[in-house]
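The block underneath contains the structure these notes are about, expressed in structure tokens.
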Amino acid sequence: MQTDLRGRDMITTQDWSKEEIETALNVAFDLKRKRVLGESHAYLRDKVLGMLFFYSSTRTRSSFEAGIDQLGGHAAFIESRTTQISHGDTATEIGEILGRYFDGLAIRNVDWGIGNKYINAVADASRSPVFNMQCDIYHPFQILADLMTIIEKKGDPRGKTIAVSWAYASSYQKPISIPQSLILLMTRFGMNVRLVHPPEYKLMPGIIEQAKENTRKAHGSLEFMDDMDAGFKDADVVYPKGWGALLTTTDDAESARIGDQYKDWITDERRMGLAKEDAIFMHCLPADRNVEVTDAVLDGPHSVVFDEAENRLHAQKAVMALTMR
Ligand code: CP
């Protein structure tokens, strides 16, 4: 167990060693147990988390805000449009100034080609730890909660097969941060990862290379597939969701035209039946109901989406408790 995490940023899970991630998960399970038993765990009394949002959120905002309160601290919710950022406050100034006000600074900026650079620039200037609440490349806290959920439901993740599959979604061009973060973390924990998508939905080459390297070290596997049925076949975990064709085009209309070719990439009961009998269905939410996944699957016996959403709270509290002391 690593005990020297005070002051550490979390911008991608790749920045933390496997042992450090295991520490965060151990603490997350302990905090979950404490909450269910009603045991006080006010480890961050009087600490304040600044939460800067450039983009909407249900789960991330609510779970960070509830989490810091349960740890004895307080959250300050800031929408970028209510600040002077559009009038000239730079990322460095935000890091310098807000890093002095707050004991931790959490940021969501998913703008393509901008979000990750922005969060890193703030972190470089901040004296307080910076947390990535989702950028254009990574969504580390979602994926920590996902790993926690897999361990809860399936035990040791080593050797288990996860299908990280693209799915058709018509609502908007969803970020690629979820599949990228999934293949990075699950390969480190020895899972057999299947990345399944139509050819236009490739992920960033640098992420694929890192995932391959993780696989080599953890003795898991990383397979690339373009058939959703084959991806689901005998999987222990299926995680199908939409993401934008951002490596192919950044034009929304063109991206929608590309996606329309693949409307049959939906998780329905037939497809879910291809996975193992006790397979779990995961989704970070929000989902396009009856477009990405049918109600019967999302609300059905394989679905663990609400436990998965709950684990955001416990995983985030663990990282805050370890880094903001
Ligand atoms: N999964 C997730 O990050 O949800 P929100 O966008 O609602 O925060």
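Which ones in segment 51-79 are among the small types (Gly, Ala, Ser) and away from the ligand (no atom under 15 Å from the Cβ)? First the steps, then the outcome.
Let us first name the residues in segment 51-79 that are among the small types (Gly, Ala, Ser), namely 56-57, 62-63, 66-67, 72-73, 75-76.
Gly72, Gly73, Ala76, listed by residue number.
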> Within the bounds of segment 133-143, is there any residue that is surrounded by fewer than 24 Cβ atoms within 10 Å (Cβ to Cβ) and touching a strand residue (DSSP E or B) at 6+ places or on another chain (Cβ under 9 Å)?
Replying inline: yes
>> Would you confirm, using the coordinates I've provided, whether Gln142 is within 16 Å of the ligand (Cβ to nearest atom), outside any loop (DSSP other than H, G, I, E, B) and within 30 Å of Val237 (Cα to Cα)?
In response: yes
>> Condition check: of a type in the set (Asp, Glu), over 27 Å from Met10 (Cβ atoms) and buried (at least 22 other Cβ atoms within 10 Å of the Cβ). Does Glu308 satisfy that?
In response: no
> Only one of these conditions is not met by Trp243: (1) without any contact (Cβ under 8 Å) to a residue 60 or more places away in the chain; (2) open to solvent by less than 40 Å² (accessible area, probe 1.4 Å); (3) farther than 21 Å from Pro157 by Cα. Which number is it?
Replying inline: (1)
>> Every residue in segment 179-218 that is of a type in the set (A, V, I, L, M, F, W, C), in a helix (DSSP H, G or I) and in contact with a Phe, Trp or Tyr (Cβ under 7 Å, 6 or more places away or on another chain), please.
In response: Leu182, Ala218
> If you take the residues in segment 35-50 that are of a type in the set (A, V, I, L, M) and touching a residue at least 12 places away in the same chain (Cβ under 8 Å), which one is farthest from the ligand (Cβ to nearest atom)?
Replying inline: Ala42
> How many residues does segment 230-274 contain that are touching a Lys or Arg at 6+ places or on another chain (Cβ under 8 Å) and hydroxyl-bearing (Ser, Thr, Tyr)?
Replying inline: 1
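Give Met272, Met282 a once-over and let me know the one that is open to solvent by less than 40 Å² (accessible area, probe 1.4 Å), of a type in the set (A, V, I, L, M), assigned by TED's automatic domain parsing to the domain that holds Val196 and touching a His at 6+ places or on another chain (Cβ under 7 Å). Show your work before the answer.
Details: Met282 fails: touching a His at 6+ places or on another chain (Cβ under 7 Å).
Being open to solvent by less than 40 Å² (accessible area, probe 1.4 Å), of a type in the set (A, V, I, L, M), assigned by TED's automatic domain parsing to the domain that holds Val196 and touching a His at 6+ places or on another chain (Cβ under 7 Å) holds for just one of Met272, Met282, which is Met272.
The values are calculated or read from the model by the stated rules, or taken from the named source; none is laboratory data. Since this is a predicted model, take the numbers as computed values, not measurements. Glycine also receives a Cβ, built like all others from the backbone with ideal geometry; neighbour counts cover every protein chain displayed. Accessible surface is based on the protein model in full, side chains and every heavy atom, while ligands, DNA and RNA are left aside. Shrake-Rupley method; radii C 1.70, N 1.55, O 1.52, S 1.80 Å.
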